[in-house]
Structure formats: structure tokens, C-alpha cells
Amino acid sequence: MARWGMVIDLEKCTGCQACTTACQMENNRLPGENWQDVLFYNEGEYPSGKLTWLPRPCMHCENPSCVAVCPTKATYKTEDGAVLINWERCIGCKYCMIACPYGVRFYAEEKQKTQPDIRKVYPGDSGKMWNPPYRMPEHKRNLKWGVGVQPKGVVSKCNFCYHRISQAPKGTPDLDPNDPKLRDFTPACVVTCAPTARYFGDLDNPKSKVRQLIAEKRGVRLQDQTGNRPQVYYLAGEAATIPETRSVRRKQS
Amino acid sequence: MNIATLTTRSGLPLLDFNSRPDPTSAFMMLAGAIAGGIGLAAVFINLFLDGHAAFNTSSDMAWGAPIAYYLFFLLTSSGLTIIASLDTVFGLRTFYPIAKRCVWLAIITLVAGFTILALELGHPFRMLWAMPTALQIYSPMWWMGALYSIDLVLLCVKFYLLHTENWNSRLTHHLSIVSFVVCILAPGTLGLVFGMMAMRPAWYSPVMPMYFILTGFMSAVAFVVFFTSLLRRENSAAAVVREHRRADEQLLHLYDMVLPRLFFVTLLAVIAMRVGQIITGLWSNYEGMEAHWKALESPLFHIEIWAGFILPAALMSTNALRANPKMQLLASVLFMVGIFSARLELLIVGQQVPLFKGYWADYVEYTPSFTEWMLVPAGFGIFLFLYGAGNWLLRLSESRVPERLPEPAH
Ligand code: SF4
Ligand code: SF4
């Protein structure tokens, strides 16, 4: 059984947010609720200050705290390594949002940051939160995987495009978007990334490119002190840095 | 079967419809019905129109005021069960006269808390099957749900036993022991829900369960002091005797000495614990702990510390002050307001520093929305209505008949 993981090369990433947009389209996200987002950081001060950034999907942790806290087992880890939410079990208690150290989860029923509220412009029916004019075909929607337009009252997050990767031929070491046979099974953000900063493959397969990159280019996991052990690795190389990820810095007096 | 005609063993009516409600109970029922009605109506209408977008919570501040109210009621309930157990488990005779009242208060605070929770969850009804079938033993919330459900059932049975004059039976004693254990475990696991979250450093603490049990006990003492000082508005021993239908030195001792002292000493313990938390928070450099500095700017923090802790401690600091029902009333109200702010402050502190949202994100700001505020009259309305009704129909001042007292259990 594969154990899917992602590698993001920060030397190649331009912070263009194409992945964010691709994810929005693929997964019918509400504005601002970016399952995949790019975070920006200021480092240092003028004249040596610089801007750094970090693309951030769900880390699909090996040891996911969101799974452990979920009182209904709505959030679960699949055999092939993805962390999914079963929208038929989720009670919207939001404990997983408290417990995820990477802040990747969203509760759909919150005040929209942009107006008009798009959910009121395209009101949902048959249990859907809204009815986006362009949306994933109905046969791909799978509530047990947390795939498709979201129902009301549940939490959502990146599912590694499980509707795509779960269809990949067994034993594939890497889902390479440049291979026409595999393109449809590759996560949307990986397919769309123009500088090919994203790699997706089987972390347990010794032949996979992702494994090779992690080993040769010293892949790191973020916030490793949490013990969550992400399955998304970052490569900083020589030209990039992993930003100091602290969001609020108290003034030193 | 007409419920109005059912009686207990000694022929007392199960529900005392024949007596007229005293003015205080009648007022409470009326005020409770009005506040609860308005609050619930406002919440239902807004939830119907906007769903949970009617709340000011967000993906960064996922748990807001409703969870704070819920904490307030549930922890108070557990504290009340502890007080009731001082009599029924540990045989402390002094507490007999308030045992039954405490059990009733514990039940209705749970009901108010659960109602608020149901309005906060995305799918409250789904919870009824999804939690029992999940058996997710790694989730502190799962344990919390299980223990509080057991707690409610045990309290109802215990109240029924006391109400049907089974004060001295073996069953009551054993049930009280189980209920006591559960009412320690339940707020303890609720403490774990917050205290185990290492990714939320401002909450992460192995003493969080102890803090919840202690502050729950303290708010229970404040509730009891409040409601018993209401009984004695006339500030006379006669009122107590009339209420309990017997003259008893012990009763006055309980109201004038024991409860206010318990209030004072417990409050000192709460203050000591809180000071420890604050100093650790301000000193630490760990990411997330800067929220403690931010808290200093919040009025909630100052209401908690000055109005809720320091002032009541001063008001209860001498024997003369402690024996004065007006001071008792004031101190208990102040503490309740303070601990109410403290619950909300706790919720905010843990989430104020956003997790992993980039350097462009700042402290998460949060003030409850109108709908969230309306949960306050909703919760307290339900509570007051049920308390008034209990006071009228359920003989809450009743206690064990003195001559049948056994020796305190060892
Ligand atoms: S990143 Fe968060 S949501 Fe994703 S698996 Fe890890 S803990 Fe769960
Ligand atoms: S909000 Fe849903 S997925 Fe998250 S912990 Fe609660 S039940 Fe589980």
C-alpha cells in the first residue's frame, strides 16, 4: 500500500498562488477558505529585510492530532496515508481545528470575509453549503472522503485530492503530472504548479522521486516539535529558507 | 396516571402543586421564562437565517463565547455535586440541609450547559449516535461527553432517591459515591480537553484539570452562598427556621460560618493557582504565550482578577463580614461575574495567537456577536426557571430527619 506524501521545493516556488487557485476550482472552496494557501513572512528589517513564503496544504500527518481528538472518528487516516473527514459523521465540534498545529482546517459556517456572501448568491440545495456555478461533477462528490461541495455544519480541509489519487494504478511510485497517463490522478495543486515546485509520490516506495529528493536535498518537516510528523516535506536548498514561522512577535523592551 | 396525585412514602406529594409558590420562586420562574424565551427566540431566529455565521467565531477563533458559557455551567454543576457529596458520601452532617438543593442545582446547570452546547455544534443530533459508535478513546472530548452524560443520569436518580425520602438507604449511599467519582472525573476530562493541547501553549498544562475542578467547586460555593443568602433576605434566624421547618443550631452555623469560610478559603486557593498561571504566561517566551500579555489589555481579565477575585476575598475576610448575608450576596455575585469573564478569557487566550497563518496575520480579535450574547439570557433563563420551579414544587430545603441520622461513614 502506498503512503502518499508531498515534497515542496522552496527554491523553485515563486509564491504565485496558482496552487491555491487550482485547489479553489478543483474543490469548490469558499473565498478565503483556502485548503491550500501560501503564507508570507517578513524576515529582518530594512535594508536587509526580505519576504519569504511557504505554500501550505494539509500536512496529512503520520501522527495526526486532529484524528486523535475527533470524538466521532469523523476525521480518520486512510491506509494509503491521507487524512480525511467523513462529512456524514462530523458533528461540527471544531475540536480538530483547535488541535491541528498547522491551522489548515475550516468551518464553513462562519462570517464570510468578502461580501456579498457568495453562499447567499448561489444558495445550496440538498444539504450543500452553496451551489457554485462551476462545480465538481456530482459522481465525484464523496461525503465519506470530504470531497466535493461541502455540507453545512461540518469542518473541511485539504484531502490531497483523494478523488484523484485514489484512482491511481497500484504500485505507482510517483504521480508525475508530466506523464499523461498519471496526470488525472495527481493533486490539482501539483498539476498546476508552473515552476514544478511540487512533487507527489509514495513515501514508502524506495524508487520514488519524493523519497530521493527528501534524502538528497535534506527535506524537512515543519514544526517537528509537535510530533505530528507531516507527510509534506520542504526543500530549502541553498537559495531558499524555511521562514521563522512565528506569527506574532512581542516587542522586546 | 395523574402526576399531581403521586406521593412519596410518607404521603408527601411528588410534585407539590398544592402549595403556592413563594414570591422569590414565582419571580424566578417568571424572569427565567421571559429571559429564556427571548434569548432562545433570538438565537433560533438568527441561526435559522444565517447558520453559525451569526456567531463571530472564525477558523482562527474556532471556539468562542458559547463554549465559555458551557464551561461555566458544567464546571459549576460538578462543584455542586461535590458539595452535595460532602453529606451523602462523607457524612459531613453540617451540609445535610443544602444537599438536596445542590443536587437540583447541579442538574439544572447541566441542562443549561447542554442546551448551549447543542446550539453551538454543527450537528447536535448527529452527536447522539456518532459519539457512542465511535469509541474514540484517544479523544478527551469523547470521554468528557461520556462522563457528563453519566453524570446527568446519576444526578437525576440521586435526586429522585432523596426526593422520595431514601436518604439513608444503601442504594443512595453507593450511588452517591459513584456520582462523586464521576463529578471529579468529568470536569477533570474537560480540563484535559484544553490542557492536553500542546499546540496551544497558553492552555497546555497538566494542572488544567485541577484548575477546572477547583474553580468549578468555587463557583458552586458561590452559587450556594447566593441562593441561601436569598433565603435569608430578612437577615434573621427566623427565616431559616421557617424554610427548613425546624430550629437547628447547625443550620445557622452552616450559613453564618461554614459556607462563607469555605468561600473565602477556596477563593484564596483559586487566586494562588491563577497567579501561578499568569506569571508563567507573562514570563514565557514560547510562541503562543504572548497571548498572556495581550490579555492584560482585555477588560475581561481585569473583571476576573479585581472584581471577581480580589474584591470578594476582601469582602469575606473577617468574621463579621462573613456572617452578614448582604456581604455574602455581594461577594458571591461578584465571583460569579468574575469567573464568567474568566471562562471567556481562557477561551480567547488559547486561540489569540494564530496557528501558522503567516507573519501577516496578527493577534486574532474576537468579541461575541449579538446572537452569542443572547445565549446568556437563554442559558440563565432556563436555569432560573427550573430553579424557581424546583423551589416551588420539590421541597429543596428538605433534609434527612435528624433522629434517623447514622454515624458519619468512615
Ligand atoms: S496538518 Fe492538521 S489537519 Fe492535516 S493531518 Fe496534520 S493535524 Fe490533521
Ligand atoms: S469538527 Fe468534525 S472532524 Fe472535527 S473533531 Fe469535531 S467531529 Fe471530528
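Highest mean packing comes first when the peptides A:35-48, B:108-121 are listed by Cβ atoms within 10 Å, giving B:108-121, A:35-48. Putting +1 on Lys and Arg Cβ atoms and -1 on Asp and Glu Cβ atoms, find which of A:N28, A:I165, A:G237 reaches farthest to the positive end of the dipole of chain A. It is A:N28, whose Cα lies furthest towards the positive end.
Residues B:M144, B:M273 in ascending order of nearby Cβ atoms (within 10 Å, fewest first): B:M273, B:M144. Can you tell me the FRET efficiency between B:I150 and A:R183 if r is taken as the Cβ-Cβ distance and R0 is 60 Å, rounded to the nearest 0.05? Plugging the Cβ-Cβ distance into 1/(1 + (r/R0)^6) gives 0.65. Here B:F383, B:F264 are placed in order of increasing Cβ neighbour count within 10 Å, fewest first, which gives B:F264, B:F383.
Partner shielding of B:218-231 amounts to 0, given as the average count of beta-carbon atoms from other chains within 10 Å of each residue beta-carbon. Would you mind checking the tilt of helix B:96-120 against the longest principal axis of the Cα atoms of chain B, expressed as 0 to 90 degrees and rounded to 10? Compared with the principal axis, the helix lies near 30 degrees. Of the residues A:Y107, B:S341, B:Q351, the one whose Cα sits farthest toward the positive end of the charge dipole of the protein assembly as shown, with +1 on the Cβ of Lys and Arg and -1 on the Cβ of Asp and Glu, is A:Y107.
Taking chain A as a Gaussian network of alpha-carbon nodes connected by springs under 10 Å, the highest mean-square fluctuation of the residues A:Q212, A:Q231, A:Q115 belongs to A:Q115. Overall, the anisotropy analysis places the stretch B:56-368 in the oblate class: the square-rooted eigenvalues a ≥ b ≥ c of its C-alpha gyration tensor yield a/c not less than 1.5, with a/b not exceeding b/c.
Rounded to the nearest 20, the size of the Cβ-charge dipole of the stretch B:56-368 about its Cα centre is 840 debye, with Lys and Arg at +1 and Asp and Glu at -1. Each Lys or Arg adds one and each Asp or Glu takes one away; over the other residues whose Cβ falls under 9 Å from the Cβ of A:C96, this sums to +3. What the Cβ-Cβ distance of B:L268 and A:K113 gives, at R0 = 45 Å and to the nearest 0.05, is a FRET efficiency of 0.50.
On a 0 to 90° scale, report how tilted helix B:23-50 is relative to the longest principal axis of chain B, with both axes built from alpha carbons and the result rounded to the nearest 10. Taking Cα atoms only, the helix is inclined about 30 degrees.
Charge tally around A:R105: other residues with Cβ under 10 Å, Lys/Arg +1 each, Asp/Glu -1 each, net +1. For chain A, a crude dipole built from +1 on the beta carbon of Lys and Arg and -1 on the beta carbon of Asp and Glu, taken about the Cα centre, is about 540 debye to the nearest 20. Taking other Cβ atoms within 10 Å as a rough exposure proxy, B:F17, B:F212, B:F227 sort from fewest to most as B:F17, B:F227, B:F212. Taking a ≥ b ≥ c as the square roots of the eigenvalues of the Cα gyration tensor, an a/c ratio of 1.5 or more together with a/b larger than b/c marks the stretch A:64-124 as prolate. Using the Cβ-Cβ distance between B:F48 and B:T24 with R0 = 25 Å, the FRET efficiency computed as 1/(1 + (r/R0)^6) comes to roughly 0.10. Per-residue shielding of A:152-159, expressed as the average number of other chain Cβ atoms within 10 Å of the residue Cβ, stands at 2. Measuring between alpha carbons in the structure, the pairs from A:K77/A:K217; A:K12/A:K144; A:K113/A:K170; A:K94/A:K181 lying more than 32 angstrom apart are A:K12/A:K144; A:K113/A:K170; A:K94/A:K181.
Shielding by partners for peptide A:46-53, expressed as the average number of C-beta atoms from other protein chains within 10 Å of each residue's C-beta, is 1. Hey, in the GNM for chain B with a 10 angstrom Cα cutoff, which one of B:L15, B:L347, B:L214 fluctuates hardest? The residue with the greatest mean-square fluctuation here is B:L15.
Listed peptides B:159-166, A:118-125 appear in the order B:159-166, A:118-125 once ranked by packing, highest mean of other Cβ atoms within 10 Å at the front. GNM on chain B, alpha-carbon springs under 10 angstrom: the most fluctuating residue among B:S397, B:S219, B:S78 is B:S397. Averaging the Cα positions of each part gives two centres, and for the stretch B:122-144 and the stretch A:97-123 these lie 23 Å apart. The charge dipole of the protein assembly as shown, taken about the Cα centre with unit charges on the Cβ atoms of Lys, Arg (+1) and Asp, Glu (-1), comes to about 620 debye, rounded to the nearest 20. Restricting to the stretch A:4-235, compute how many DSSP beta bridges are antiparallel as a %, nearest 5. If we restrict to bridges inside the stretch A:4-235, about 85 percent are antiparallel. Between A:E43 and A:A194, full extension at 0.36 nm per residue minus the direct alpha carbon distance yields a gain of 51.8 nm. Projecting the Cα atoms of B:F73, B:L14, B:F44 onto the charge dipole of the stretch B:1-106 (Cβ charges, centred on the Cα centre) puts B:L14 farthest toward the positive pole.
Values in this text are rule-based calculations from the coordinates and carry no lab data. Because the structure is a prediction, the values reported are computed rather than measured. Ideal geometry is used to build each Cβ from the backbone, glycine not excepted, and the neighbour counts take in all protein chains shown.
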